[in-house]
Amino acid sequence: LGSLSPSQHLALPALEMVAMGVSLLPNAALAVAYLRRLGYSAAEAASLVERQPLKGGNGKPLLSELAIRHVLTIPFENLEQHVVQLPGASLQPTSLEERLQRLGQIQTTVERLATGVRGGVCFDLNPAFAWLLRELGAKARLAMAVVHANGDFMEDATHCVILVDLPSETLLVDPGFGDPVRVAVAMEGPTQERLATYEMASQEDARGFTTVLRRKRDADSMCLHLAQIDDSSLDTAEADWQPLYAFRPDDDLSYDNQEFRDGLTSIRDTESLFAAKKFICLGLVKGYITLSEKRLRRVEGSEVTEEVAVEDEGCWQSLAGRIFGLPLLSPVTAKDLSPAPAAKPTASAGYGGAACGFAPKTQASRETATQNAKNLGTIDAKSIAVGGAGAGGGLGLNRPGFGPKVQHFSGGATAQKKSIEVSEDIRSAWSKVMDDSDSTSWIYCSYSVDGKALELTGSGTSGLQEFKTALGNSIAWGGFRCYGVDKRGGLVCKRPKFIFVQHKPEHASAMKKAKQGSHKGDVKEVITGTHLDLIVENLDDLDEQSLIAKLQAATGAHKPNGYEFDEDNFIEADFYGLGIGKDCRGEGSKN
């Protein structure tokens, strides 16, 4: 099996592996094979299985390490429910009977994951992971959960989680969730990892689903939104605390219990998300990569670093192979495994100071040192020639919305008081601009008659030229979407770029311009996620070549080789002189 390519592994139905002479291994050997897939060396894997380090003591660091390794190496995917076209063959859906049978044969499920490149859904991944934890000495329990969707908990229980009872506490681990949990989560207090913070809450529920897992994403993180995988407007859906699911904390279910069978049957229903469309999701150190039936999307932090449209089945096959092969071509390294950034002081009652294990004087000293060092090594954004920032590099100015939050005092003495009221219509219209699937590409906002509010006065779908015609003679605000375009070989990749516009015509009075400047903070809270801030005094400031120069300066090492400001109007921007399309030699070329 080691000699098979990712595409050949993709063609192997789970139980056909036995027909190829792959017998079920002894548990110890199977656990070693599983750990090898998670990126451990042969010696490390054998040592872990022999020592059984989760038998006692503080197992939380190892549990978190195992969880993040699982997320980075084994994809969440539903291909077993779909016909998958392969070169010269078709991979047919695995029957429900076969899937149900596999629930009672946990070693078969483990072997499928340990010796292949495929993944599965929660009823594949979490029981197998629980089996591995038990082989490493953990007291691991499987529990049923109801997922939170569309504002409420679902009626059917369609998810399972793992609870690990350590001598001092119980932890939740769940690498088998669609947008996975990358750390072992404590039942009390917050648990932080690189991209998000988790906490438990309680609720009353007649069915026993009384413990709720909630998540709040870091500002430098994007939601995967599996249920609407192609809707980019949901990227910031977990900016505030959101419930993920509720589970039964006392469960200790068998691998083939009836509720698992019912849950697996439910997600195979023709009306379920899993039956509606095929998808593959794999975690990355700072984000994820997903493949739907429409596009491949790679997210790093708060940036979409790659987006490729699926043109046909052959294209989909190639992109699927890329994802399945990624853990083999880019193995997990030690620096990838830190579950959380350096600890940050928090103002939440009960979560900081001495409650975190520091004496009051020690905590005060730490906070003072943190405050004194906060600005060391930083660069004043005002000293940079180009406002805003694009994807990659840029002295750290590489993500939309980068920069200090500025409190403007002209609005009043209280911190909460707004300097200008911004209409909700503007927020709604801008969310459409941010949504790649929506045709709205620009908005324009003017001041009300009394000058106390900002109102939506225009929006359109025809790009930059149409936006230019909307500019009036008064100070105003706006924003528009364009695309950085890569034409490399036979692939075309478009990445949306969002530009924030402060329109202050040359003839406007100095007093009005000064007052407008005090409103920028409140306007930026609504027109968010932009790559470039632009002051427009006349139409020359919206010249395409000028915009390209500023966008290229605001990106990092990777430069698109063209831009589209109006639909299907490609403007070349070959920064490195590497060619475009079939003539592109690639950024690594020495020629």
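One table, with the values for the structure above:
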quantity: Label zone at ASP152 (point 7 Å along Cα-to-Cβ), backbone N below 16 Å, segment 234-276; calculated: 246
quantity: Backbone HN-Hα couplings from phi across segment 172-182 [Karplus 6.51/-1.76/1.60, Hz, Gly and Pro as x]; calculated: 9, 10, 7, x, x, 7, x, 10, x, 8, 9
quantity: Normalised per residue, the volume of the convex hull around the Cα set of segment 412-567 (Å³); calculated: 123 Å³
quantity: Contour minus Cα-Cα distance for ALA28 and ARG207 (0.36 nm per residue); calculated: 60.7 nm
quantity: FRET E, pair GLU311, ASN473, Förster distance 45 Å, beta-carbon r, rounded to 0.05; calculated: 0.50
quantity: Compactness index (Cα Rg / 2.2 N^0.38 Å), segment 443-498; calculated: 1.54
quantity: Peptides ranked, highest mean first, by Cβ atoms within 10 Å: ranges 477-489, 203-215, 313-325; calculated: 477-489, 313-325, 203-215
quantity: Estimated inter-spin distance, ASP566 and GLU98, nm [label 7 Å along Cα→Cβ]; calculated: 5.4 nm
quantity: Cα-only radius of gyration and Dmax that characterise segment 57-100, units Å; calculated: 16.8, 53
quantity: Label-point gap, in nm, between ASP269 and GLN552 - each point 7 angstrom along Cα→Cβ; calculated: 5.5 nm
quantity: For segment 502-543, the Rg and Dmax computed from alpha carbons only, in angstrom; calculated: 11.3, 30
quantity: Three principal axis lengths of segment 28-72 [C-alpha, angstrom, descending]; calculated: 24, 24, 14
quantity: 10 Å binning of all Cα-Cα separations within segment 211-284, expressed as whole percents from 0 upward; calculated: 15, 33, 38, 13, 0
quantity: Calculated FRET efficiency for the pair VAL83/ASP522, C-beta based, R₀ 45 Å, to 0.05; calculated: 0.30
quantity: Reciprocal of mean inverse Cα separation for segment 205-245 (Kirkwood radius, Å); calculated: 11.5 Å
quantity: Calculated FRET value between VAL449 and ALA219, using beta carbons and R₀ = 41 Å, to 0.05; calculated: 0.70
quantity: Extension gain (nm, one decimal) between ASP262 and LYS418, 0.36 nm per residue minus Cα-Cα; calculated: 51.0 nm
quantity: Relative packing of peptides 532-544, 507-519, 132-144 - highest average C-beta neighbours within 10 Å first; calculated: 132-144, 532-544, 507-519
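Read-outs: derived from the displayed coordinates by stated rules, not from any lab. Just so it is clear, the model here is predicted, and its values are computed rather than measured. Cβ sites come from the backbone with ideal geometry, for glycine too, and all protein chains shown count toward neighbours.
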